[in-house]
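S.K.: Shown below is the structure under consideration.
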Amino acid sequence: MPRRVVITGLGVCAPNGIGLHDFTEALKDGKSGIRFQPQLQDLGFGCQIAAEPLVPDNLANNYFTPLQLRGLNASGIVYGVIAGTDAWKDAGLKMDRSTGPDWDTGIIFGTGILGVDKFRESIHLVDDRRVRRLGSTTVLQTMASGISAYLGGILGCGNQVTTNSSACTTGTEGILMAYDRIQSGKAKRMLVGSCSDSGPYVWGGFDAMRILPRQYNERPTKGSRPMSATAAGFVPGSGAGALVLESLESAQQRNAMIYAEVLGGSVNSGGQRGEGSMTAPNSEAVIRCIEEAVRNSGIEKTEIDLINGHLTATSKDTLELKNWSRALERSGTDFPYVNSFKGLVGHCLAAAGSIECVGAVLQFKENVIFGNVNCEDLNPEIEAHVSSSRIPRKTERYRPKIIAKASFGFGDVNACVIFSAFND
């Protein structure tokens, strides 16, 4: 019999808050982590605003050994280790370096690109014929699986320890990969999450594509505008989110606190056919992904009462909500409540799914719907599918029962996960 899978730990290193308390309060209060970046101005970027976690210099000392910190120049690893370690501790799990591997626990921690600044540093050293100055951690910081490897060693996980990468879908996809592993009995628990580096070498390509807003450099907190009529492109971000997924049996045996249950989900691709492309979603695949997620979760379409969308503040926001409406066969005031956190944290790229999943799950604990910011001028085309009353502008008291979370990424890839309030 398939095992039930629950969430017992959360961790986050987000642009508007590091740690669950600060992140939760920021989402409640509509506090933005999007800031003007002088470095982007100096480099001639059109969009000179971005969102990155403000990690105090001494905070890393709580998560890394002195040896690990030597030459550490991969921001994504720093964010991921903070979020992953915090989620582990939040789940009430021990960190004991004196024991052997924990064969029942694994890690799936994804990224899009890792250690960009370390790559830059290394390229200059190699080109200057100073290869011996590279240091012993260069490979660890620049390999994609560096983040899961760091966490695997810190936590002593002996089950599958790996890294997935599916653009903006990475974090949400990882949750479903971990869910499948636990449900099938291959692991008792999995630490799952994703991270993304900060900086111009990550964000520059998007600025070159002219898909970032250029008219909000003097008003950074207004720049990311999901579902708005004046949305002008996504604001790039970075950070990490992490969740501990666990079999219900294991969680109950150790009397762990349970945030929510993972009912199921779906992952697919539009094949870059029809209207789908490397950068645009195939609506047929999006609808199919949502429908399969509902079916795989054993619920009815009418049971979803809250959607945390991908909703990036581009022209595709209207199409996304149209696809949700078609997939769920619901519209107007019958449409679920919907929110997007990108107005506060920007689009955190490979970290987006995991940071947003942490935020989505926190709504069960806090009994709220976190509000949407910067959409006071709701795109009128959206109201053809969703009543304005279903898009709260401020945080509201509410007890969600079932939350659907979706992510759609470059490469025409999709993931949708269904979370439920836990009922024993």
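The values are calculated or read from the model by the stated rules, or taken from the named source; none is laboratory data. Remember, it's a predicted structure, so these values are computed and weren't measured experimentally. Counting neighbours? That spans all protein chains shown, and the Cβs are built from the backbone with ideal geometry, glycine included. Each accessible area value is taken on the protein alone, full model and side chains, heavy atoms only, with ligands, DNA and RNA left out. Shrake-Rupley method; radii C 1.70, N 1.55, O 1.52, S 1.80 Å.
S.K.: R0 = 25 Å: FRET efficiency of Leu378 with Asp334, Cβ-based, nearest 0.05?
M.R.: That gives a FRET efficiency of 0.90.
S.K.: Report the relative contact order of the chain, percent, no decimals, based on alpha-carbon pairs under 8 angstrom and at least 6 residues apart.
M.R.: 24 percent.
S.K.: Once the stretch 267-331 is represented by equal point scatterers at the alpha-carbon sites, with solvent omitted, what log10 I(q)/I(0) does the Debye formula produce at q = 0.15, 0.17 Å⁻¹?
M.R.: Each listed q maps to, in turn, -0.47, -0.60.
S.K.: Another question, then. Specify whether the C-alpha gyration tensor of the stretch 330-407 places it in the rounded, prolate or oblate class, a ≥ b ≥ c being the square roots of the eigenvalues: rounded for a/c under 1.5, otherwise prolate if a/b is larger than b/c and oblate if not.
M.R.: Note, shape of the stretch 330-407 comes out oblate.
S.K.: Let me ask another. Sort Val202, Val126 by heavy-atom solvent-accessible area, probe 1.4 angstrom, most to least.
M.R.: The residues order as Val126, Val202, largest area first.
S.K.: I'd like the distance separating the alpha-carbon centroids of the stretch 382-424 and the stretch 221-298, in whole Å.
M.R.: A separation of 9 Å, based on Cα centres.
S.K.: Treating only the Cβ of Lys, Arg, Asp and Glu as charged (+1, +1, -1, -1), what charge dipole size does the chain show about its Cα centre? Round to the nearest 20 debye.
M.R.: For the chain, the charge dipole is close to 520 debye.
S.K.: Here's another thing I want to ask about it. From largest accessible area down, sort Lys401, Lys365; use a 1.4 Å probe on the protein chains.
M.R.: Greatest to least solvent exposure: Lys401, Lys365.
S.K.: As a check on your grasp of the helix formula, calculate [θ] at 222 nm for the chain: sum -39500 (n - 2.57) over DSSP H runs of n ≥ 4, divide by the residue count, round to the nearest 500.
M.R.: -9500 deg cm²/dmol
S.K.: Could you calculate the FRET efficiency of Trp103 with Phe422 from 1/(1 + (r/R0)^6), where r is the beta carbon distance between them and R0 is 22 Å, rounded to 0.05?
M.R.: On the way: r = 26 Å, r/R0 = 1.20.
Calculated transfer efficiency: 0.25.
S.K.: Which entries of Lys28/Lys89; Lys342/Lys365; Lys118/Lys186 show an alpha-carbon separation above 29 angstrom in the structure shown?
M.R.: From Lys28/Lys89; Lys342/Lys365; Lys118/Lys186, over 29 Å: Lys118/Lys186.
S.K.: Express in nm, to one decimal, how much length is gained between Arg210 and Lys394 on full extension, taking 0.36 nm for each residue of separation and deducting their alpha carbon distance.
M.R.: 63.2 nm
S.K.: On to the next question. Asp42 versus Asn58, label points 7 Å from Cα toward the beta carbon: distance in nm?
M.R.: 2.7
S.K.: Keeping all protein chains in the complex and leaving out DNA, RNA and ligands, what accessible area do you get for Met177 with a 1.4 Å probe, in Å² to the nearest 10?
M.R.: For Met177, the solvent-accessible surface is approximately 70 Å².
S.K.: If you take the beta carbon distance between Leu134 and Gln253 as r and set R0 to 41 Å, what does 1/(1 + (r/R0)^6) give as a FRET efficiency, to the nearest 0.05?
M.R.: After rounding, the FRET efficiency stands at 0.30.
S.K.: May I ask you to give the percent of accessible area on the stretch 103-248 that is carbon plus sulfur, with a probe radius of 1.4 Å?
M.R.: Looking at the stretch 103-248 in its full context, I get 51 percent from C and S.
S.K.: For the stretch 291-424, give the percent of accessible area contributed by carbon and sulfur heavy atoms, probe 1.4 Å, rounded to a whole number.
M.R.: 44
S.K.: Label the stretch 128-251 by shape, choosing from rounded, prolate and oblate, from the square roots a ≥ b ≥ c of the eigenvalues of the Cα gyration tensor; if a/c is under 1.5 it is rounded, and otherwise prolate applies when a/b is larger than b/c, oblate when it is not. Before the final figure, lay out each step's value.
M.R.: On the way: a/c = 3.12, a/b = 1.33, b/c = 2.35.
Oblate.
S.K.: While we're on this one: Please compute the Kirkwood hydrodynamic radius over the stretch 310-361, one decimal place, Å, based on all pairs of different Cα atoms.
M.R.: For the stretch 310-361, the Kirkwood estimate is 12.1 Å.
S.K.: Also: Could you report the stretch 311-417's accessible area per residue, 1.4 Å probe, as an integer in Å²? Mind dumping the intermediate values first?
M.R.: Values: 3280 Å² over 107 residues.
Solvent-accessible surface per residue comes out at 31 Å².
S.K.: Taking the simple approach of a point 7 Å from Cα along Cα-to-Cβ for both Glu275 and Thr65, what is their distance in nm?
M.R.: 5.3
S.K.: Over the stretch 13-79, consider all pairs of different Cα atoms and compute the Kirkwood hydrodynamic radius from their mean reciprocal separation; express it in Å, one decimal.
M.R.: Result for the stretch 13-79 stands at 13.7 Å.
S.K.: Mind telling me which of Val131, Val373, Val55 comes out most flexible in a GNM of the chain, alpha-carbon contacts under 10 Å?
M.R.: Val131
S.K.: Just to check I understand the Karplus step: with θ = phi - 60° and J = 6.51 cos²θ - 1.76 cosθ + 1.60, what whole-Hz values come out for the stretch 153-158, glycine and proline as x?
M.R.: Ordered by residue, 3J(HN,Hα) equals x, 5, 9, x, 7, x Hz.
S.K.: Give me the mean projected area, in nm² to one decimal, of the convex hull enclosing the Cα positions of the chain.
M.R.: Convex hull of Cα atoms, orientation-averaged projection: 19.9 nm².
S.K.: Same structure, new question: What accessible area, in Å² to the nearest ten, does a 1.4 Å probe give for Arg4?
M.R.: Solvent-accessible area, nearest 10 Å²: 90 Å².
S.K.: When a/c reaches 1.5 or more, the comparison of a/b and b/c decides; with that in mind, is the stretch 180-326 rounded, prolate or oblate per its Cα gyration tensor? Spell out each step's value before the answer.
M.R.: Details: a/c = 2.11, a/b = 1.51, b/c = 1.40.
The shape class here is prolate.
S.K.: Next question, about the same structure. Heavy atoms only, probe 1.4 angstrom, no DNA, RNA or ligands counted: give me Glu291, Glu303, Glu246, Glu329 ranked by accessible area, highest first.
M.R.: Numbers: Glu291 60, Glu303 80, Glu246 0, Glu329 140 Å².
Ranking Glu291, Glu303, Glu246, Glu329 by accessible area, largest first, yields Glu329, Glu303, Glu291, Glu246.
S.K.: Lys/Arg Cβ at +1, Asp/Glu Cβ at -1, dipole of the stretch 1-145 taken about the Cα centre: which of Val5, Val81, Thr142 is farthest positive-ward?
M.R.: Thr142
S.K.: For the stretch 45-189, with every protein chain kept in place, what is the accessible area per residue (1.4 Å probe, Å²)?
M.R.: 46
S.K.: Would you mind telling me the share, in percent, of accessible area of the stretch 1-68 contributed by carbon and sulfur at probe 1.4 angstrom? Don't skip to the end; give the middle numbers.
M.R.: Details: 1630 of 3200 Å².
Roughly 51 percent of what the probe reaches on the stretch 1-68 is carbon or sulfur.
S.K.: Quick check on the stretch 267-397: what are the equivalent-ellipsoid semi-axes from the Cα gyration tensor, as sqrt(5λ), descending, whole Å?
M.R.: The answer is 22, 17, 16 Å, longest axis first.
S.K.: Specify the residue with the greatest mean-square fluctuation among Pro226, Pro236, Pro380, computed from a Gaussian network of the chain linking alpha-carbon atoms under 10 Å apart.
M.R.: Largest GNM mean-square fluctuation: Pro380.
S.K.: Between Glu284 and Ser315, how many nm apart are label points set 7 Å from Cα along the C-beta direction?
M.R.: 2.2
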